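Trainee: One structure is given below, represented as structure tokens, and several questions about it will come after.
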Amino acid sequence: MINALIYTFQSYIQGLKYFFNRKIIFYIFLILLIGGITAFYTFTLVWNESDSLLKMIIGNIDWISDRGYLSTAFEWIIKIFGSAFILILYRYFFYIICSPILSLISEEIERLFYLSKGIIAPKNELPLISSFWRSLRMNGRNLFIELSITVILFLLSIIPIIGFIFAAISSMVSAYFIGVSNFDISVERYYKFDTSLRWYSMHRFDALFQGIVYLIIFWIPVIGWMAMPIISTMTTTIHFCKLFEASKTS
């Protein structure tokens, strides 16, 4: 657990210096463009359509419609829950669509990381179409699991007094699966699907800590939404390289 925290901290310090590397700057701007457009339209759609959803749910329930405070409370619950739900879908959709580009960024970061240590990077390139299908399979699996857990925890979070505990657990669940999605951009080049699942089980704290940092920075308006997938790809690539090298010497 301590090593996972140290590697997370080190990977962010080392990873950010590659952000404007000239060899990957084109991929970075491409991801920024895709991320900015999809984030804007996704959250605009959720925010605008939540009012229609509210009317559809409570429009025929007079005892709620006639009470302004209940109507307002339901409106905000739907907005928050809807935004959180769409945010999860958006994240997985983004990683699946952009997986080939993120994979190219990860490969270059890995090469630069090993080069800085005077080591030749392992030749483990994955064809882009294989990267896409791997991402579709892994993220599709994780999406189903995360949504199943999150829905249950959201319902439990409504319980007075102790509800915040389940809300906190829900955030940790999301953080873990975010870490898995980011790590898999590197792990896919080294391990097959079933072996990767065992690897994540062994390094769950590494995935969790990376996901927590992702969530913290992601909520910085605009910058976090657009840049975090790139930053996290760089940092988890370095983090994975450290773990991989440590496994060879242990």
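Trainee: Considering each residue of region 131-168, count those that are under 15 Å from Ile185 (Cβ atoms) and either charged (D, E, K, R) or without any contact (Cβ under 8 Å) to a residue 12 or more places away in the chain (or both), and give that number. Before you say what the answer is, go through the steps one by one.
Mentor: Our first condition is that a residue be under 15 Å from Ile185 (Cβ atoms); within region 131-168, this holds for 131-139, 142.
Restricting the remaining residues to those that are either charged (D, E, K, R) or without any contact (Cβ under 8 Å) to a residue 12 or more places away in the chain (or both) gives 133-134, 137.
Number of matching residues: 3.
Trainee: Being surrounded by 14 or more Cβ atoms within 10 Å (Cβ to Cβ), within 14 Å of the chain's Cα centre (by Cα), modelled with pLDDT of 75 or more and in a helix (DSSP H, G or I) narrows it down to one of Tyr114, Tyr95, so name that one.
Mentor: Details: Tyr114 fails: within 14 Å of the chain's Cα centre (by Cα).
Only one candidate qualifies: Tyr95.
Trainee: Being open to solvent by 30 Å² or more (accessible area, probe 1.4 Å) and among the β-branched types (Val, Ile, Thr): is that true of Ile185 here? Let's see the steps before the verdict.
Mentor: Numbers: open to solvent by 30 Å² or more (accessible area, probe 1.4 Å): no; among the β-branched types (Val, Ile, Thr): yes.
Criteria not met by Ile185.
Trainee: Yes or no: region 159-166 includes at least one residue that is closer than 22 Å to Phe93 by Cβ, outside any helix (DSSP H, G or I) and not β-branched (Val, Ile, Thr).
Mentor: To start, the set of residues in region 159-166 that are closer than 22 Å to Phe93 by Cβ comprises none.
Scanning region 159-166, I find no residue that is closer than 22 Å to Phe93 by Cβ, outside any helix (DSSP H, G or I) and not β-branched (Val, Ile, Thr), so the answer is no.
Trainee: Does region 230-250 contain at least one residue that is touching a Phe, Trp or Tyr at 6+ places or on another chain (Cβ under 7 Å) and over 22 Å from Tyr114 (Cβ atoms)?
Mentor: Looking through region 230-250, none of the residues is touching a Phe, Trp or Tyr at 6+ places or on another chain (Cβ under 7 Å) and over 22 Å from Tyr114 (Cβ atoms).
Trainee: Hey, can you tell me all the residues within region 154-182 that are farther than 30 Å from Leu102 by Cα and either of a type in the set (S, T, N, Q) or buried (at least 20 other Cβ atoms within 10 Å of the Cβ) (or both)?
Mentor: At the first step, the residues of region 154-182 found to be farther than 30 Å from Leu102 by Cα are 154-167.
If the condition is that a residue be farther than 30 Å from Leu102 by Cα and either of a type in the set (S, T, N, Q) or buried (at least 20 other Cβ atoms within 10 Å of the Cβ) (or both), then Ser157 is the only one that fits.
Trainee: Tally time: how many residues in region 90-126 are polar (S, T, N, Q), farther than 19 Å from Ser11 by Cα and in contact with a Ser or Thr (Cβ under 8 Å, 6 or more places away or on another chain)? Give the derivation first.
Mentor: Just the residues of region 90-126 that are polar (S, T, N, Q), to begin with: 99, 103, 106, 116, 124.
Checking which are farther than 19 Å from Ser11 by Cα leaves us with 99, 124.
The next check asks that each one be in contact with a Ser or Thr (Cβ under 8 Å, 6 or more places away or on another chain); those that pass are 99.
Matching residues across region 90-126 total 1.
Trainee: Anything in region 1-35 that is without any contact (Cβ under 8 Å) to a residue 24 or more places away in the chain, more than 18 Å from the chain's Cα centre (by Cα) and over 23 Å from Phe244 (Cα atoms)? List them, or say none.
Mentor: Hits for region 1-35 are Phe20, Arg22, Ile25, Phe26, Phe29.
Trainee: Can you tell me which of (1) under 20 Å from Gly140 (Cβ atoms); (2) in a helix (DSSP H, G or I) is the one Tyr191 doesn't meet?
Mentor: It is condition (2) that Tyr191 fails.
Trainee: Please go through region 7-23 and pick out each residue that is out of contact with any Phe, Trp or Tyr (no Cβ under 7 Å at 6 or more places or on another chain) and surrounded by 12 or more Cβ atoms within 10 Å (Cβ to Cβ). It would help to see each step written out before you state the result.
Mentor: Of region 7-23, the ones out of contact with any Phe, Trp or Tyr (no Cβ under 7 Å at 6 or more places or on another chain) are 7, 9-23.
Within region 7-23, Tyr7, Phe9, Gln10, Ser11, Tyr12, Gln14, Gly15, Leu16, Tyr18, Phe19, Asn21, Lys23 meet the criteria.
The values are calculated or read from the model by the stated rules, or taken from the named source; none is laboratory data. Bear in mind that the values here come from a model prediction, so they are computed numbers and not experimental data. Cβ sites come from the backbone with ideal geometry, for glycine too, and all protein chains shown count toward neighbours. Just the protein is used for accessible areas: all its heavy atoms, side chains included, with ligands, DNA and RNA removed. Shrake-Rupley method; radii C 1.70, N 1.55, O 1.52, S 1.80 Å.
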